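Worksheet: the structure to be examined is printed underneath.
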Amino acid sequence: MINKIIKPDFKSTLKEDRVFHPSKKFSANAHIKNMAEYTKLYNESIKKPEVFWAREAENLEWFKKWDNVLEWKQPFAKWFSGGKINCSYNCLDRHLSDKGTQSAIIWDGENGDKRNITYNELHEEVCKLANVLKGFKVKKGDRVVIYLPMIPEVAIAMLACTRIGAIHSVVFGGYSSEALKVRINDARAKVVITVDGGYRKGNKTRMKDAVDEALSGVKFVKNVIVVKRNGIKVQMKKDRDFLYGDLMKKASSVCQPAKMNAEDPLFVLYTSGTTGIPKGVVHTHGGYLTQVAMSAKYIFDLHPNDKFWCTADVGWITGHSYVVYGPLLNGVTTIVTEGLPTHPTPERPWKLIDKHKITQFYTAPTAIRMFMKIGRAWPARHKLKSLKVIGTVGEPINPEAWTWYYNNIGKRRCPVVDTWWQTETGSILVTSLPGATPTKPGSATLPFFGVDVAVVDMKGKKTKVNEGGYLVINKPWPSMLRTVYKNDERYKKTYWNEIKGVYFSGDGARRDKDGYIWIMGRTDDIIKVAGHRLGTMEIESALVSHKAVAEAAVVGKQDEIKGEAIVAFVSLNLKFTESEKLINELGAHVVKCIGPIARPSQIIVVDDLPKTRSGKIIRRILKSIAEGNEIKGDTSTIANADILEKLKKL
């Protein structure tokens, strides 16, 4: 999140006129069948939010109904106050009578291990681990840090915490010991749940060692629970460390769910921490569960017996909301996969879809561009007939990647839902609805129910059609963050002080003549060239639309004449090699797509781009390289750390 406002007079240069309509067959069976239905519900959700959200909340089971739907004293909201609810009960217990033998989790391990866990079995495992935690004196409100790879135990641990009212804080399994320590210390965790090690690209990783390093000198963590995964030898500290399997054998499978207040904290999730001190984003029970359940149902058009695959890691908010909670709240099967989708071969995702008859597939533009780079021959080997909806998440998707995804994975039959949201928002806020919304490649389309968004200038005035501005949210929504953990002032300053009276997302956007929202990237990624502000996303989209380019990242560097000059880093598709002719061709292509003002002054071909483990490109590193500066700041979040040395040589 930026601390200083940048004038939003940047230009929108992306030109995209294609429109794709849902098929009549799909719309006929969808929850929201047409734009008239969407408009009616959306208008009600904005004009009568308390009526709308009360009705949606009744789709969950409450031990006690709420007294008030909303209490709003800007910037602090309380949703469903007075209500009593439990997350694990809504994800598991209420489904057991009719879905007990249905698969809750289908897990695919990187090394070939597989598990199929029914709702009955998941309920039993969650209750056992909840009792283990109670045996370690974990009480309502205590914090439990979960540091695990993508194995079923990560979902079991999250649900076990919610069973007894403990606050879980999941830390991505790829983080270093230092990044883990910062999060453990800030949360003041009582227990850490971890693993001996995991698998990545066929290699065994060590994770318990990172926990031992992170806990050096830490007194407040009383116990560490260690899951056995890859069998490497680890140190076990006496009276502190215990094996998960041994504890579970002795635990009772009966555990009554705690009756939690709707506004009790459900979890704390720390931002990626690529710069600065990570923020502990706090989400609560009632509002988060209500909106996540509803958004999963309508946005992905979930029906009984669906099998939903979100490829995100549970260490990120997408994994919380749409790997674990969203699917289980709706009683469908969630697919959980360990390791990279391209290991052991790039065929893995498409084999899984056909094998398990997966109905919804939700992944990141980074992954889509990786699939593009590898080539369409791999998905072409598979029918993918079971797919009904395909989605994208994590960053703006360029039109070229959108259409490749639609043609090669969706087979021109599956609606694409391009979603915009954040860790702080808890659930998807801008999206198409697959049975109703005409989609435009590259646009997240329209606000979801109950979401009052606007594109404004720095004074809060709405911008004109296709004029770039700041994406803000005018009114509270149930799944919004309640605060930054232990730091209300940081919450107010970061999200509610940049533009008075509204939630400041930090993203630049424009609205077209149809009211569709086009995300232009972070406002701190705007480049000012000779007085013109250009969004990096749109220049990147132009580059990726060239057949030679797999991925692109654009940054600005200081220029005495222009103020800033555009530097583009590109990775090429496999059939292409770097040449002066190709570089010139790429520059000319950007001019053709956007105009001379957007032509990069330098195009650098690289093997790969530095990314966080959630797949986001770390542009500050590229900016340092472009300007010839030393790379500074936290690099613990980089997934492909080996690329740093190659980039430094540039």
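Okay, here's what the table says:
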read-out: Note, ³J(HN,Hα) from phi for region 386-394, Karplus 6.51, -1.76, 1.60, rounded to Hz, x at Gly and Pro; value: 6, 4, 10, 9, 10, x, 9, 8, x
read-out: Cysteines, the chain, no other Cys beta-carbon under 4.7 Å; value: Cys87, Cys91, Cys161, Cys310, Cys414, Cys593
read-out: Cα-only Debye scattering, the chain: base-10 log of I(q)/I(0) at q = 0.10 Å⁻¹; value: -0.91
read-out: Cα lying deepest toward the dipole's positive end in region 1-160, options Ala155, Gln74, Ala104, charges on Cβ; value: Gln74
read-out: Among 457-464, 203-210, 552-559, the order from most to least packed when residues are scored by Cβ within 10 Å on average; value: 552-559, 203-210, 457-464
read-out: With Cα atoms, 0 to 90° folded angle of helix 119-135 axis to the chain main axis; value: 70
read-out: Positive-end residue, the chain charge dipole about Cα centroid, Cβ charges, pick of Val324, Gln256, Thr494; value: Gln256
read-out: Options Phe242, Val455, Leu269, ranked by Cα towards positive dipole end of the chain, top entry (Cβ charges); value: Phe242
read-out: Full-stretch length increase - Arg413, Glu213 - with 0.36 nm per residue and alpha-carbon distance subtracted; value: 67.0 nm
read-out: Coordinate range along principal axes, alpha carbons of region 354-457, Å, largest first; value: 47, 25, 25
read-out: Size of electric dipole in the chain: Cβ of Lys, Arg +1 and of Asp, Glu -1, about Cα centre, debye, nearest 20; value: 560
read-out: Placed amide H near Ile146: partners under 5 Å, 5+ positions off or other chain; value: Ser169, Val170, Val171, Ile193
read-out: Residue-wise HN-Hα coupling along region 467-476, computed from phi with Karplus coefficients 6.51, -1.76, 1.60 (Hz; x: Gly, Pro); value: 9, x, x, 9, 7, 10, 10, 7, 10, x
read-out: Full-stretch length increase - Phe576, Ile46 - with 0.36 nm per residue and alpha-carbon distance subtracted; value: 185.8 nm
read-out: Helix-only mean residue ellipticity at 222 nm for the chain, each DSSP H run of n ≥ 4 adding -39500 (n - 2.57), per residue, nearest 500; value: -8500 deg cm²/dmol
read-out: Cα gyration tensor shape of region 20-102, rounded if a/c is under 1.5, else prolate or oblate by comparing a/b with b/c; value: oblate
read-out: Kirkwood Rh (inverse of mean 1/r, distinct Cα pairs), region 220-309, angstrom; value: 17.8
read-out: Cα-centre dipole for region 218-320 with unit charges at Cβ (Lys and Arg positive, Asp and Glu negative), debye to 20; value: 660
read-out: Degrees separating the helix 35-47 axis from the principal Cα axis of the chain, which is the longest one; value: 70
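Readers should treat all values here as calculations from the given coordinates under stated rules, not as data from a laboratory. A quick note: this is a predicted structure, and the numbers were derived from the prediction, not measured. Backbone-built Cβ (ideal geometry, glycine too); neighbour counts: all protein chains shown.
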